[in-house]
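Down below is the structure, laid out as structure tokens.
The values are calculated or read from the model by the stated rules, or taken from the named source; none is laboratory data. Not measured: the values here are computed from a predicted model. Note that each Cβ is placed from the backbone with ideal geometry, even for glycine, and that neighbours are counted across all protein chains shown.
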Amino acid sequence: MTELKAADLMLAIDGATLLQTASFSLAPGELVILLGPNGAGKTSLIRTTLGLQAPSAGKATLGGEDTRQLSPSERARQIAYLPQTRPLAWPNQVQDVVALGRFSHGATLGKLTGGDAAAVDRAIVACDLTHLAHRSTDSLSGGELARVHCARAFATEAKLLIADEPTAALDPRHQFRILDLIKSYVDDGGGALLVLHDIELAARYATRLIWMKEGRIVADGPPSQTLTAERLSDVYRVSARMDAGRLIMDGAL
Amino acid sequence: MIERWLTPGLILLCVLAIFAACLLGSTAMPLERVLAAFFGGADVSDRLVVWTIRLPRALAAFLTGAALGISGAALQGLLRNPLAEPGVLGVSASASLTATFALYFGLVALNPWILPFAAITGALIATALLALAATRTQSVVTLILIGVGLSSFSGALMSLLMNLAPNPFSLSDMINWMLGSVANRSFDEIGLALPFIAGGAALLLVTRRGLSALTLGEEAASGVGLNLQRQRIWTVLGAGLATGGSVALAGAIGFVGIVAPHVIRPFVRHDPARSLIPSALLAGLILVVADIFVRILPSTNELKLGVVAALIGAPAFVWIAMQRRAGHD
């Protein structure tokens, strides 16, 4: 059982406290969405949990093993990680970018072994990229590029997926498409942790919401229990109310 | 399809160019006499011209270009920037500085081998500084800025040395070194530079796979399982050794390290890892051909190879820079 657990993670850099005793877990079959305003420590929590950033105190474990002790490729084989997207350095073909998801398995571009090539093909089909496989990534739309990054993560065939704002700058239809892809990954037995800013969308897809504010996790539970008008005003500093079971946000507090 | 024939094709062209370099010169030598010099039966003066003058000179041009081409391709992959080159990171400048230093203090008069050793020392000092910086910073921009600083500082010290040159002869020696040339190189000098060039190239080839992952950016490359710091150190060290060897052999020759990978990239589907070997071959080919032109041009003073390389390379550099789209930082 590959369970990712963060226990009392603290992170302070140059006197600024970025994380305070943050604890949570992620297991296969869960779609957990991390919510919180800018600067709440969401990205710090992800990086520290993955072991990319050393915590000031506390530790994160993957299947019982400290993530800081895992080699980068061991970690990458078990957790696919999509950071906030940066432009690609070169105009590579879509299939080559997806194949980089097999890097931790030892794949070399242009010389994929049977297993790697099959995983890449499955990911390309799953993300509906077959017709774009030979296209250059600099000719793709934002929505297509987001699917390419999803396919890259799926190609790893890791048990867990962590994605930092995978739907940033996408139109509503493409946001739904990306979340549908991730949901089917979870339905197939994966576990996903996503950072999102669209609360309605988060409530629709998440099995659990983790709410962060000023470096702390202030709530962790199913949307039905943790999504309230009070929590929204507290975490995001917006005035919110429930109207016939629907959440309405009126403006900044 | 082109990709499959790219490397064999370039190897063939390089062999042909090196052979052509043995035919051509201030006095062209007929084909049968060159063949005889290679395979026996030629008279002593022909063998001398081919084996001690033309062949070592062509091989030196090839090795210099290959070292700069593979270093440029690897550094571009590491820094995700098509304008990166040993020159940008200050490695060439540092190597030239220590070489000039040895010339200035007349150390070369004590022992001719001091010159190449000085160049390699300079390159290694620069790469050691960069490797140290690479373990402390996460940022590529910081690394490039350190390289720019290193380059400027070496340039300043070099100007100082030239400013204080005791006599016109040492000044002209230094200028020769800074301009870059493979004239009068012997197999001895090649033998001294080759271990560094080969070692550096081997290091770059062994660790090239990580350069593909860096296409995604550093954070995502770590995400797919790349050990980022190790990759930085190996690439910087490999490029430093190869560049140091090339400066030891030919002085400072700029821009081939930028031009060759830029031409190669579209043929290897823009994969930095697959661009290393073809870039090395093409850069070697460019310098061999450029050196043939230097030798057959009917000028009173023979042009320096570095000058010709810069005359072609600098406009290409500006052109490549202007092709860059916004958003690629």
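At a glance:
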item: Single match in B:A202, B:A198 (criterion: under 18 Å from B:A95 (Cα atoms), part of a helix (DSSP H, G or I) and more than 10 Å from chain A (Cβ to nearest Cβ)); result: B:A198
item: Test: residue in region B:143-166 that is modelled with pLDDT of 75 or more, over 30 Å from B:Q229 (Cβ atoms) and aromatic (F, W, Y); result: no
item: One residue from B:A99, B:A119, B:A126, B:A95 being crowded, with 18+ Cβ neighbours inside 10 Å, touching a residue at least 60 places away in the same chain (Cβ under 8 Å), in contact with a Phe, Trp or Tyr (Cβ under 6 Å, 6 or more places away or on another chain) and not β-branched (V, I, T); result: B:A99
item: Count of region A:48-87 residues which are surrounded by fewer than 23 Cβ atoms within 10 Å (Cβ to Cβ), in a loop (DSSP other than H, G, I, E, B) and within 7 Å of another protein chain (Cβ to nearest Cβ); result: 3
item: Residues within region A:217-245 that are at pLDDT 90 or above, assigned to a strand (DSSP E or B) and β-branched (V, I, T), tallied; result: 2
item: Any hit, region B:233-247, residues being in a helix (DSSP H, G or I), more than 8 Å from chain A (Cβ to nearest Cβ), without any contact (Cβ under 8 Å) to a residue 40 or more places away in the chain and over 30 Å from B:F117 (Cα atoms); result: no
item: Sole exception among (1) exposed (fewer than 15 other Cβ atoms within 10 Å of the Cβ); (2) in a loop (DSSP other than H, G, I, E, B) for B:S159, by number; result: (2)
item: Which numbered condition B:L276 fails, given (1) more than 14 Å from every other protein chain (Cβ to nearest Cβ); (2) buried (at least 19 other Cβ atoms within 10 Å of the Cβ); (3) at pLDDT 95 or above; result: (1)
